[in-house]
Amino acid sequence: MSNTVRIGRVQDFPAGEVTEVDVEGTKVLVARDAEGLCAARNKCPHLGLSLTSGPGGRTYADGVITCPWHNSRFVVRSGENLDWVSGIAGRSVPSWSRKVISAGRKPAPLTTFPVTVVDDEVFIEL
């Protein structure tokens with residue numbers, strides 16, 4: 001059963017940036033790209049850690065967020081995984097070591113959530 005929750009106003013989410021919000025106990029990252037607002041769970045599907053804080057720092061550009069823990073890259077709008085486990089804490093590693101770092105887990109997409117805007121108010125559907 002889905003639940004629609006107001007998360008703010010459009011101006012609360014700066015263009016070209018990603019913002020973390022807590023939606024009823026679920027950490028969500030909200031991005032504002034050229035197409036508008038989109039949202040995904042703020043949890044890397046590999047280790048379950050935050051995508052907006054960690055040793056590699058927050059990296060978001062052109063609609064893509066990079067995991068600060070192991071450098072996997074994800075399209076926030078679709079959840080698509082572009083690159084799986086290419087480093088540790090912001091540092092690149094040789095391709096032969098990726099299987100070791102991934103701990104045998106397969107590439108997985110981010111969980112995304114529908115976002116709607118009504119009269120400048122932003123809603124997310126969990």
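Within region 13-57, whose backbone N sits under 17 Å from a point 7 Å along Cα→Cβ of residue 6?
In region 13-57, the label zone of residue 6 (backbone N under 17 Å from the point 7 Å along Cα→Cβ) covers 13, 22-24.
What does the highest-first list of 114-125, 45-56, 60-71 look like by mean Cβ count within 10 Å?
Order by mean packing, descending: 60-71, 45-56, 114-125.
Count charges around residue 31 for me, please; just the other residues with Cβ under 12 Å from its Cβ, Lys/Arg as +1, Asp/Glu as -1.
-2
Since every read-out is calculated from the coordinates, none of them should be taken as a lab result. The structure displayed is predicted, hence computed values, not measured ones. Heads up, the Cβs are rebuilt from the backbone with ideal geometry, glycines too, and the neighbour counts pull from every protein chain shown.
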